[in-house]
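The values are calculated or read from the model by the stated rules, or taken from the named source; none is laboratory data. Quick caveat, the model's predicted, so the values are computed rather than measured. Cβ placement follows ideal geometry from the backbone for every residue including glycine, while neighbour counts extend to all protein chains displayed.
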Amino acid sequence: MQLNASRIKVLQAQDDVVNEMKESASKELLNVSNDHHVYKNLLKDVIVQYVRVGMSSSSILESNDRYNSRVHLRFGRHVCSVALVKLKEPAVLLRCLKDDVHLVVSVLDSAKEEYASKVNVDPPEIFIDDVHLPPAPSHHNAHGPFCSGGVVLASRDGKIVYENTLDARLDVAFNKKLPEIRKWLFDQVAA
């Protein structure tokens, strides 16, 4: 009985460490928008999402120990349009943070052209929604809905939604890499 209780405590402690890592990575996302030039390019790339051959869309955000286990963003110049392709719509509704509207507007034409040239179609119509994503977490809004940046794309009727926010990308990458993270953190303890 004591052995089971001890094992449960160890598992709970391990779970706490993993959750702290994810929370730390989530806090790092809040700093992404500080460099407007970098963030502007990031917004374009989440509209026209970066995916190389053999790289899944969930690897856009990854944790890497070379960077002190901080979240880093892997984007490049040669992008394949996945966010818009997944919707396969000639007209798309885009939702972003209220503070990001001017940045989104500044990259929208180039994002549409890049998508059209990669997929060999006419550029889609992209309408910026009047409803904005909830702001980043703050001291006043620590437990409510929040968004650290990025965009949500939807078909005009709202039936198809593609969430490409930084928080959603972190969740996907974290869940995909969770077994590797646990192995990296805790296999050494068991040895």
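Picking from residues in the range 150-191 that are of a type in the set (Val, Ile, Thr) and crowded, with 19+ Cβ neighbours inside 10 Å, the one that is nearest to GLU20 (Cα to Cα) is THR165. Does ASP99 count as at pLDDT 90 or above and of a type in the set (Asp, Glu)? The answer is yes for ASP99.
Taking the criterion of being modelled with pLDDT of 85 or more and more than 15 Å from ASN41 (Cα to Cα), the residues of the range 76-96 that qualify are ALA91, VAL92, LEU93, LEU94, ARG95. Are any of the residues in the range 44-51 surrounded by 17 or more Cβ atoms within 10 Å (Cβ to Cβ), over 15 Å from VAL172 (Cα atoms), at pLDDT 50 or above and not β-branched (Val, Ile, Thr)? Yes, the range 44-51 contains at least one residue that is surrounded by 17 or more Cβ atoms within 10 Å (Cβ to Cβ), over 15 Å from VAL172 (Cα atoms), at pLDDT 50 or above and not β-branched (Val, Ile, Thr).
Among the residues of the range 1-35, the ones that are loosely packed, with under 11 Cβ neighbours inside 10 Å and either at pLDDT below 85 or over 29 Å from ARG169 (Cα atoms) (or both) come to 10 in all.
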